[in-house]
Amino acid sequence: MKIKNYINGKFENPIHGEYLDNYNPSVGEVYGQVPNSSKEDVENAYQAAKNAFPSWSNTTLELRSKILSKISNLIIEKLDFLAAAESKDNGKPVHLAKSVDIPRAASNFQFFADALTQFSSESHESTGFNAINFTLREPIGVVGCISPWNLPLYLFTWKIAPAIAAGNCVVAKPSEITPLTAYLFGEICSDAGLPNGVLNIVHGNGSSTGQAIVEHPQIKAISFTGGTATGAHIARVAAPLFKKLSLELGGKNPNIIFADCNYDKMLATTVRSSFSNQGQICLCGSRILVEAEIYEKFKKDFIQKVAELKVGNPKNSETSIGAIVSKQHFKKVKEYIEIAEREGGRIIFGGNKVTVKNCENGYYLQPTVIEVANNLCTANQKEIFGPVVTMMPFKTEKEALQLANDVKYGLSASLWTNNLNRTLQFSKQLETGIVWVNTWMLRDLRTAFGGKKASGIGREGGFEALRFFTEPKNICIQYE
Ligand code: NAD
């Protein structure tokens, strides 16, 4: 299958005819080609977006909302087809794509179809000056959206939906590792009546296509989700061009477990938060910190549950853990396990490659649990982004908080306790953008989403996203 760019409502080959191989990680085979688009392709996408902007930014809210809703409906109509495509491209279990990724992509559009009708701006009366201020929230123009491979259509649409809801036109790039559903999404947009040029999708790797988007002087805002090192690079490129930036980056999220929690719920949720999507979710809890008095019990029960997880062909309904996204990423995760061992970590479950019947060349790894003694070890400090968690005990609240915060990342944390004081203390003192108490990854799309420290800048979600994708302008009128 040869993927094409989607520019001005048409599917186009890349100008220089350059392509990258696209792999199916569950069998380790190339099954298609994806354009490696050049600066010229990005320029064409930009021109299409620029031409579409005057009309799209003046489209009535009612019509905009209708089109976004239609996109949402069409995603749901194609649920099975899109879920199968996502799984083939990414290696995740089909049932996960069907229950999480694709429904969420539809929700992203439905949510912003509704939100755009409720978005409003402020007015301030300057008493004593006979003046009234109001704030216009103007769309920025042409914006860039760049997304990663772990939740491909889910995160691609999480950016595009608010961008176009706010009246912008978009040049978007999905990950070159998982381009398939973004490609299929172009047709959905055309079928839903999204005018040509409002969304343009260019495929290619980060250093060519992505870089061309970030460097483009007229693309005035970049919404990026991906690794912290890439985010830092994008910030350096974008800063002298004075671009608005939203950066959603890596995490090293703690699960802090106190003895007074609802144990069974905590145990089941911690297995999920450790290994969902092969541990390749920025929100996965990769450091499990357990109060000393229940540490040994937790360790035994957790390992027993982890042993029940079935690593296998993503097409099988009983598979809990599918394939790692790529050979290169598999190698990286495996190396982190080896480093953990060299640094004194004890692998108490997993650690090895799995050979799956009829998928012998796929990239499968056992869910891996490492007991560590030192929070400063590599496995506790670096984002591994695979089915690997570490575990260590703590004795006091103070120690738990210190361990939780002693990383460069600050995306999310999960706290397990029924103590109200502790809940409030930790909620305030955890250095993360999101704190889940007695739950994990419960997402209300109205809430602000994003991280502190090396996990990023800016927030997505709800009106925060519409604020990011608009520029406020103050109008001050004095009357006599
Ligand atoms: P990545 O940084 O390698 O790539 C992300 C995207 O950026 C891809 O589309 C890539 O092609 C592009 N890119 C790479 N170099 C670029 C450049 N120089 N200019 C412009 N674009 C460039 O990340 P990844 O490996 O695809 O994804 C995994 C990472 O994403 C993990 O660190 C994970 O934590 C993070 N992530 C964060 C969130 C969040 O919401 N905070 C969500 C999901 C994933």
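In terms of overall dimensions, the range 1-159 has a Cα radius of gyration and Dmax of 20.1, 72 angstrom.
Between N438 and N130, the contour length at 0.36 nm per residue exceeds the Cα-Cα span by 105.7 nm.
Only Cα pairs under 8 Å and 6+ residues apart enter the sum, and on that basis the relative contact order of the range 314-425 stands at 21 percent.
Stretching I303 away from K452 to a fully extended chain increases their span by 50.5 nm, per 0.36 nm per residue minus the current alpha-carbon distance. Taking every DSSP bridge with both residues inside the chain, close to 45 percent are antiparallel. Partner lysines whose Cα lies under 23 Å from the Cα of K428, excluding those fewer than 8 positions away in the same chain, are identified as K252, K395, K398, K408, K452, K453. With point charges of +1 on the Cβ of Lys and Arg and -1 on the Cβ of Asp and Glu, referenced to the Cα centre of the chain, which listed residue (H216, S276, H203) lies farthest in the positive direction of the dipole? Of the candidates, S276 comes out farthest on the positive side.
Sorted largest first, the principal axis extents computed over the alpha-carbon atoms of the chain equal 72, 63, 40 Å.
Spacing of the modelled spin labels on N358 and N51, each 7 Å from Cα toward Cβ, amounts to 4.8 nm.
Among I457, G312, L79, which residue has its Cα furthest toward the positive end of the charge dipole of the chain, with +1 on Lys/Arg Cβ and -1 on Asp/Glu Cβ? Checking the options against the dipole of the chain, the answer is G312.
Over every Cα atom in the range 322-480, the radius of gyration and the widest Cα-Cα span, Dmax, amount to 20.8, 82 Å. With 10 Å bins beginning at zero, the pair-distance distribution over Cα atoms of the range 262-328 amounts to 18, 49, 26, 7, 0 %.
Kirkwood's formula applied to the C-alpha pairs of the range 112-162 gives a hydrodynamic radius of 14.3 angstrom. Taking all Cα pairs closer than 8 Å and separated by 6 or more residues, the relative contact order of the chain comes to 19 percent. Annotation: peptides 408-418, 300-310, 153-163, ranked by per-residue average of other Cβ atoms within 10 Å with the highest first, follow the order 153-163, 408-418, 300-310. Between N58 and S207, the contour length at 0.36 nm per residue exceeds the Cα-Cα span by 50.2 nm. Rounded to the nearest 20 debye, the dipole size of the chain about its Cα centre is 420 debye, using +1 on the Cβ of Lys and Arg and -1 on the Cβ of Asp and Glu.
Taking all Cα pairs closer than 8 Å and separated by 6 or more residues, the relative contact order of the range 116-167 comes to 29 percent. Using only side-chain charges placed at the Cβ, +1 for Lys and Arg and -1 for Asp and Glu, the dipole size of the range 355-480 relative to its Cα centre rounds to 120 debye. Taking Cα atoms only, the orientation of helix 327-342 departs from the longest principal axis of the chain by about 40 degrees. Distance between the modelled labels on D114 and S99, one decimal in nanometres: 2.3 nm (7 Å Cα→Cβ projection). Taking amide H atoms as placed 1.01 Å from N in the peptide plane, the amide H of L199 lies under 5 Å from those of V170, each 5 or more residues away in sequence or on another chain.
The alpha-carbon of K50 sits under 22 angstrom from the alpha-carbons of these lysines, leaving out residues fewer than 8 places away in its chain: K4, K10, K39, K159, K173, K220, K243, K244, K473.
Based on every Cα atom in the range 93-140, Rg and the maximum pairwise Cα distance Dmax equal 19.9, 64 Å. Applying 1/(1 + (r/R0)^6) with r as the Cβ-Cβ distance of K315 and E293 and R0 = 35 angstrom yields a FRET efficiency of 0.20. What do you get for the angle between helix 228-238 and the principal long axis of the chain? Use alpha-carbon atoms, 0 to 90 degrees, nearest ten. That works out to roughly 20 degrees.
Values in this text are rule-based calculations from the coordinates and carry no lab data. Given the structure is predicted, the values throughout are model-derived calculations rather than measurements. Note that we place each Cβ from the backbone using ideal geometry, even for glycine, and neighbour counts take in every protein chain shown.
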